[in-house]
Structure formats: C-alpha cells, structure tokens
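The values are calculated or read from the model by the stated rules, or taken from the named source; none is laboratory data. Just so you know, these numbers come straight off a predicted model, no measurement behind them. So basically every Cβ, Gly included, is an ideal-geometry build from the backbone, and we count neighbours across all protein chains shown. Areas reflect the complete protein model, heavy atoms only, side chains present, ligands, DNA and RNA absent. Shrake-Rupley method; radii C 1.70, N 1.55, O 1.52, S 1.80 Å.
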Amino acid sequence: MAVIESIDVHKTYNPETIPVRAVDGISVSFDAGEFTAIVGPSGCGKTTFLNLIGGLEKPTQGKVLIDEKDISKLSIREMTDYRLHNIGFVFQAYNLIPVMSAYENVAFIMQLLKFTKKDIAERVEYLLRTMSVWDKRDERPNTLSGGQQQRVAVARALASKPKFILADEPTANLDSKSTGTLLDLMHHINETENTTIIFSTHDDRVMERARRLIQLDDGKIVKDEHKGA
Amino acid sequence: MKQTLIFAWRNLWRNKRRTLITISSIVFAVIIASFMRGMQLGSYDKMLNDAIKSTTGHLSIMDKDFWESKTLINSLEYTVELDSLIASDPSLSIRAPQISSGCLASSGRNTRGVLIMGVDPEVEDQRSGLKGKIVEGAYLSEEGSGVVIGGMLAKYLHLKVGDSLVVLGQGYMGMTAAAELEVTGIFDHPMSMIDKRFIYVNLNTARDLFFMEGRLTSVDLVLKDYNDLDVTMDKYISALDTTVYDVRSWKSMNKVLLQQIESDNFFGIIIIGILYLVIGFGIFGTVLMMVMERKREFSVMMALGLRPGRLVRIVLAETIMMGMIGALIGLALSFPVIYYFHLNPIPITGENAEFYREFNLEPILEVAIKPVSLFWQFLIVLILSIVAAIGPVNSISKFNFVSIIRGRE
C-alpha cells in the first residue's frame with residue numbers, strides 16, 4: 001500500500017516573472033519500507049520534490065497524498081504539525097542544534113511530541129547505540145566529526161518513529177568510510193523498523209545500496225527502476 | 001518551559017563577548033539611572049523636609065480667609081474640638097500650632113521687616129531642628145519672653161545675646177503690637193530667608209504681643225508618611241466646617257516649589273528616558289544579530305516541526321534573561337553607591353550653595369533610597385528588552401525557511 005503518493009505534482013518558482021519549473025508533473029508512489037534513491041544532475045528537481053512530499057513546500061499544481069490525505073491543502077500550522085509527527089529529515093549539512101549535546105539533539109523532537117521521560121531515555125539510547133555514537137552523547141556537535149554528526153542527525157530523524165525519512169544528499173559531505181557506515185545503519189533501521197527512507201543523491205555509493213532508483217531530469221521522472229524486480 | 005529556558009540560557013552564551021557587552025551597557029544604564037533618580041528623589045525629599053516641614057508643614061489648618069489675607073483678624077479660634085481632632089490623629093508626626101505675623105524689628109538705627117514666629121519650642125525643634133542650630137546663647141523656653149534670631153539678622157541689627165530689640169506691628173483686631181524683647185539665642189540657619197527674617201518666640205509671648213489669647217494663625221501638620229497627604233487632607237476637609245476653616249496642602253501654599261519639583265522631575269525622566277532609549281537600541285541590535293545569525297538553525301527547527309511561536313518564546317526568553325541579568329547586576333552595584341551617598345550627602349559650596357539658600361534649601365545633595373524607584377529601573381529594563389525584541393522575533397515567522405535551508409538566502 002502506498003504511504004506517499006504524488007499525483008501530477010508541479011512546482012514552478014517565480015511564476016509571474018521568470019518561471020522556473022523545478023518539478024514538472026511528477027506522479028509516483030512509495031510503499032512502506034522502501035529504500036529509494038532519487039537521482040539526477042544538479043538542478044533536476046530532487047530537493048524540490050523531497051520538499052514537496054515532505055510538506056516543506058506546496059505544489060503549484062497536483063496533489064501529494066500521505067496515507068491518502070492531501071497534505072497540499074493543509075494550513076501552515078497543520079503542515080508544521082504534520083512534519084513533526086510524520087517525517088524525519090536528514091540534511092546535507094547535518095544542521096544539528098549547536099548548543100545541545102548529541103543526546104539532547106535527538107531527545108528534542110520527542111520532547112516536542114510530549115513523549116514521557118522514560119520513553120525518551122530508552123529511545124534515544126537505542127538510537128545513539130544503533131548509530132554507534134552513544135559514547136558521544138554528552139558532546140556538542142562542534143566536537144563531533146562530520147560522520148558522527150550525520151549519524152546523530154539520522155538518530156534525530158528517527159527519534160519520533162516517523163512514517164518516512166527524507167534525506168537530502170546526506171552523504172555529500174562524508175568520506176567513503178563514513179558514508180558506508182551511515183548507509184549500513186540506515187539499512188538496518190529500514191529493515192528493523194520498516195521505515196520508508198527516500199534519499200536524494202548523486203552519490204554512486206548510495207545508488208548502489210538503494211533498492212529503487214528514480215531518476216529525474218528537468219523536473220520529470222525519466223527512469224523508475226526497482227532493483228529487486 | 002524548562003526546556004525553553006535551558007535552551008535560551010545556552011544560546012545567550014554562544015557569543016559571550018557580545019552578550020557581556022550588552023549586559024554591561026544595561027548595567028551601566030541602570031547604575032546611572034538609579035543614582036540620578038536617587039539624587040532627584042533625594043532632593044525632593046530634602047525640599048519637602050527643609051522647605052515644607054520647617055515652614056508650612058505638609059498640611060495647614062487656618063481660617064478660611066487667612067491665606068488670601070494674612071492679617072491677624074483672619075486668625076482662627078483654637079477650639080477644644082479642633083485640638084482633640086488633631087491630637088487624636090495617628091497619621092501625624094508633628095502638630096505645630098503657631099502665630100505668625102509680620103513686624104518691624106529695630107535695634108539702634110537699623111530696622112528690618114521680619115516675621116515673628118510664635119511657636120511651641122519643643123515642637124519647633126522637632127520640625128526644624130532649631131535648637132541644634134543655636135550657635136550662641138540658649139534656645140527658646142516655654143516660659144519667658146526671650147527671642148532667638150538668625151545670625152544674618154543679628155549681624156544686620158548689630159545684636160548679640162543679651163541685647164534687646166524692639167518689635168512693632170499690628171495685633172489682633174488692629175491693636176498695636178509693640179514690645180522690647182531680649183535676644184536669648186542666635187541660630188545659624190542654612191535657609192537664608194529664615195536666617196535674615198525670622199524671629200522665634202514662644203507661643204505665650206506671641207499671644208501677649210499680638211493679643212491672641214485662644215487664637216492661632218495656623219496649625220501646621222507634618223505627616224508620618226508623606227504618601228498619606230491626600231487621604232489626610234480629605235479627612236480634615238470632611239471633619240471640619242469649611243465655612244470657617246481652610247485646610248491647605250503644601251502644594252497650594254508653595255506653588256513655586258511644586259513647579260520646581262515637577263519640572264525637575266520631568267526633565268530628569270526625559271534624560272533617563274534618553275539613556276534607556278540608547279540602551280534599547282543596543283539590545284535591539286544584539287537581538288537582531290542573535291536572530292539573523294541563527295536563521296538557518298531556526299529554519300531547520302521549523303522544518304523539523306517546531307512552530308515559529310516556540311522560537312519566538314526562546315528568543316524572548318534570551319532577551320529577557322539578558323535584560324534581567326543586566327538590571328540585577330546594575331541594581332546590585334548601584335545600591336552601595338546610593339547607600340553611601342544617602343549616608344554622606346554631597347555638600348554644595350560657592351554660588352550654587354547661595355542659590356540653594358535663596359530657595360530656602362539646605363545646600364546639600366542627598367541621595368534617596370527608594371525601593372519603588374529601583375524596582376521601576378528593573379521593570380523598565382525588562383519592558384525595554386521585550387520591546388527591543390519585538391521586531392527581530394517578528395521576523396522569525398516571516399522566514400522563508402526552505403530558501404534559507406537551501407542556501408538561497
């Protein structure tokens with residue numbers, strides 16, 4: 001069953017001056033537990049598409065259905081709550097909160113969602129151990145390596161048990177070893193928690209590990225390949 | 001809430017130098033403002049104590065026509081009812097019955113217009129500390145007809161203790177009031193008007209001189225707590241027959257002083273306002289920087305599902321913390337300074353001292369300790385912090401966080 005479905009989604013920037021069609025009629029669906037990479041050259045619309053299905057931006061045309069609910073009709077406040085409850089984000093630049101420790105960065109989202117202290121403690125420990133950064137739990141982001149920061153960012157994205165994780169070029173700033181470790185861990189989470197994970201990337205190492213590859217060009221899907229199929 | 005406060009506290013110290021500079025500017029402003037305000041309020045207290053307490057009192061009860069026409073015909077009969085009303089009032093610290101009338105005082109070839117003040121010696125000492133100002137001879141006594149005069153008057157009339165002076169004026173019902181009185185004491189009063197023009201006698205001497213048996217020109221009242229002025233005045237107005245008596249506050253009896261206090265207070269507040277305005281812009285700049293340099297961080301937090309309102313609360317908490325720290329340190333540092341100068345008033349010398357004396361004021365600068373005023377400094381900084389934060393925090397909700405995260409802004 002499709003967790004996410006985009007139906008003829010368009011996104012045009014500056015429609016009244018110099019229109020830029022970032023996404024041009026994408027229709028695609030993602031099932032629960034998918035491990036998908038959206039690939040394509042820079043400017044092909046990968047990040048914009050992730051933003052659209054992640055509720056960060058609204059399409060200029062078309063629908064984005066999450067569990068059959070059209071999120072493009074939600075108000076800004078509803079969108080914010082929707083993101084908090086349903087989506088985990090991983091950014092290229094990690095974007096951890098600098099004044100919080102690794103532990104607090106992960107616990108932060110759960111606190112917003114009013115999880116109990118006990119649940120937070122158990123979940124954060126589990127995630128930081130899974131991401132192999134438990135020993136760094138009291139350290140602030142500026143003392144962590146890039147790989148460690150990105151693993152904490154993934155732990156943060158998973159903290160609230162989201163329906164899916166959107167990772168925008170998460171390995172772009174990582175070396176091979178860190179990339180390999182991160183992908184192993186995300187695979188593990190994908191399999192153990194059945195979390196849908198969608199990457200945007202042009203990293204070959206991510207493409208190799210993805211079970212589905214969607215290739216974009218000029219805002220359109222030019223190839224949709226299920227590797228196991 | 002706790003999480004917001006912890007978060008805000010840590011954010012505050014991300015840029016220690018900037019935070020410390022901003023806090024220092026607040027501390028500086030609070031110290032200056034507290035001290036300036038303390039001096040202002042101290043000088044008003046001084047005016048109320050010197051000029052009011054020792055001349056008109058906070059309130060004065062007199063005949064309804066006396067204020068307009070200060071002749072002894074318009075004196076009041078000091079009835080038992082009036083005496084018991086005043087005597088039983090617990091809000092009063094001093095009840096000063098008096099007979100005052102203008103006369104000519106003469107000695108040898110010199111004559112000067114003076115004000116004869118018939119007073120209760122003990123009460124007068126309470127209200128003006130006159131006994132302590134005696135530099136030659138002795139203070140007034142309940143009995144006898146001796147007078148005490150100021151050093152400047154004594155010098156003008158070439159009088160010393162033991163000499164006599166002649167007073168000539170008009171008594172009650174137009175009778176001639178004349179007497180030769182012995183100078184028993186000479187005082188040195190900081191208020192030049194009193195030093196030059198006042199002759200103090202006891203009430204009995206004044207009654208005899210002016211034929212005022214059972215009568216007074218006024219009863220001056222000094223309150224224990226100045227804040228009770230309006231309430232006490234209303235109380236006397238309702239208790240007394242206003243077709244016979246007039247109850248006046250010092251504000252109507254000394255309008256020049258009142259205007260002086262009001263205008264000084266106004267300009268003092270304007271100066272403190274300008275000082276705080278400058279500091280307010282400093283706080284504004286700091287908060288603006290705090291928000292702008294964290295645009296990306298805030299954008300990520302919003303992307304993760306944090307409502308802008310929560311971010312606004314965090315930044316507001318940071319600003320309020322900064323303001324509170326500055327205000328509390330400022331108050332803590334200013335208090336010892338204010339306390340020192342409260343105990344050790346600054347003497348004024350030279351021409352400025354003369355200026356003070358012309359206004360019947362003792363030439364010293366006192367600094368008042370007013371907890372309410374200090375609390376106001378704290379509150380002003382707090383409000384200033386919130387107001388300074390409004391613009392920057394308002395911009396948070398207008399962030400295009402997607403563009404910011406993607407590095408387009």
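Treating the angle as unsigned and between 0 and 90°, give the value, to the nearest 10°, between the Cα long axis of helix A:102-112 and the longest Cα principal axis of chain A.
Long axis of A:102-112 versus the principal axis of chain A: about 60 degrees.
Only sites in a loop by DSSP and with at most 11 other Cβ atoms within 10 Å count here; which GluC sites (Glu not before Pro) in segment B:102-162 make the cut?
B:Glu142, B:Glu143
If you take the beta carbon distance between A:His85 and B:Phe335 as r and set R0 to 56 Å, what does 1/(1 + (r/R0)^6) give as a FRET efficiency, to the nearest 0.05? Don't skip to the end; give the middle numbers.
Details: r = 51 Å, r/R0 = 0.92.
After rounding to 0.05, the efficiency reads 0.60.
If I require 30 Å or longer along the helix axis, counting alpha carbons, and a Kyte-Doolittle average no lower than -1.0, what helices from chain B are left? Use full DSSP H segments.
Going by DSSP H runs, the hits are B:16-47, B:255-292, B:308-343, B:371-396.
If you filter segment B:148-245 for GluC sites (Glu not before Pro), then keep DSSP loop positions with at most 11 other Cβ within 10 Å, what is left? Walk me through the intermediate numbers first.
Working: sites: B:Glu180, B:Glu182, B:Glu213; in loops: B:Glu213.
Those that pass, being in a loop and sparsely packed, are B:Glu213.
If a paramagnetic tag sat 7 Å from the Cα of B:Ala87 along the Cα-Cβ line, which residues of segment B:197-212 would have the backbone N under 18 Å from that point?
B:203-204
What whole-number distance in Å separates the alpha-carbon centres of segment B:300-328 and segment B:84-152?
Their Cα centres are 65 Å away from one another.
Could you give the length gained on full extension between B:Phe375 and B:Leu275, defined as 0.36 nm per residue of separation minus the Cα-Cα distance, in nm?
Between B:Phe375 and B:Leu275, full extension yields an extra 34.3 nm.
Using only protein heavy atoms and a 1.4 Å probe, how much accessible area in total is buried between A and B, to the nearest 100 Å²?
That pair of chains buries around 2100 Å² in total.
Rounded, prolate or oblate for segment B:59-164? Axes are the square roots of the Cα gyration tensor eigenvalues, ordered a ≥ b ≥ c, and the cut-off for rounded is a/c under 1.5.
Taking the square roots of the gyration eigenvalues as a ≥ b ≥ c, segment B:59-164 is oblate.
Any idea how far the Cα center of segment B:331-409 sits from the one of segment B:28-78, in Å?
27
Taking 7 Å along the Cα-to-C-beta vector as the label spot, tell me the A:Glu78-B:Trp13 distance in nanometres, rounded to one decimal.
Each label point is offset 7 Å from its Cα along the Cβ direction, giving 4.4 nm.
Given the DSSP H assignment, sum -39500 (n - 2.57) over each helix run of at least 4 residues in chain B and divide by its residue total; what's the result at 222 nm in deg cm²/dmol, nearest 500?
Counting only the DSSP helices, I get -17500 deg cm²/dmol.
Shape of segment A:1-78 from its Cα gyration tensor (a ≥ b ≥ c, root eigenvalues): rounded if a/c is under 1.5, otherwise prolate when a/b > b/c, or oblate?
In terms of gyration-tensor shape, oblate.
Looking at A:His226, A:Gly147, A:Leu127, which one has the Cα that reaches farthest to the positive end of the dipole of segment A:115-229 (charges on Cβ: Lys, Arg +1; Asp, Glu -1)?
A:Leu127
For segment B:268-409, what's the relative contact order in percent, using C-alpha pairs closer than 8 Å and at least 6 residues apart?
Values: 112 pairs, mean separation 63.3, N = 142.
Answer for segment B:268-409 is 45 percent.
If you average the sequence gap of Cα pairs under 8 Å that are 6 or more apart and divide by the length of chain B, what percent do you get for the contact order?
Numbers: 675 pairs, mean separation 110.6, N = 409.
About 27 percent, as a whole number.
Please give, to one decimal in nm, the separation of the simple spin-label points placed at A:Lys63 and B:Leu288, each 7 Å out from Cα toward the Cβ.
4.7
Which whole-angstrom value gives the distance between the alpha carbon centres of segment A:83-111 and segment B:198-250?
If you average the Cα positions of each part, the centres end up 76 Å apart.
Starting from 0.36 nm per residue, how many nanometres of slack lie between B:Leu365 and B:Glu142 once their C-alpha separation is accounted for?
This chain segment gains 76.8 nm when fully extended.
Return the FRET efficiency for the residue pair B:Val135, B:Ser24: r is the Cβ-Cβ distance, R0 is 41 Å, and the value is rounded to the nearest 0.05.
It comes to 0.25.
Which stretch or stretches of segment A:122-164 have amide N atoms under 16 Å from the point lying 7 Å from A:Asp175's Cα along the Cα→Cβ direction?
Answer for this model: A:144-151.
What GluC sites (Glu not before Pro) does segment A:42-114 have in DSSP loop regions with at most 10 other beta carbons within 10 Å?
On the way: sites: A:Glu57, A:Glu68, A:Glu78, A:Glu104; in loops: A:Glu57, A:Glu68.
Here the GluC sites (Glu not before Pro) that fit, given the DSSP loop and packing criteria, are A:Glu68.
Please compute the net charge surrounding B:Ser60, taking Lys and Arg as +1 and Asp and Glu as -1 over other residues with Cβ under 13 Å from its Cβ.
Once all neighbours under 13 Å are counted, the net charge is +4.
Using 0.36 nm per residue of separation minus the Cα-Cα distance, give me the extension gain between B:Phe35 and B:Leu382 in nm, one decimal.
Full-extension gain reported as 123.1 nm.
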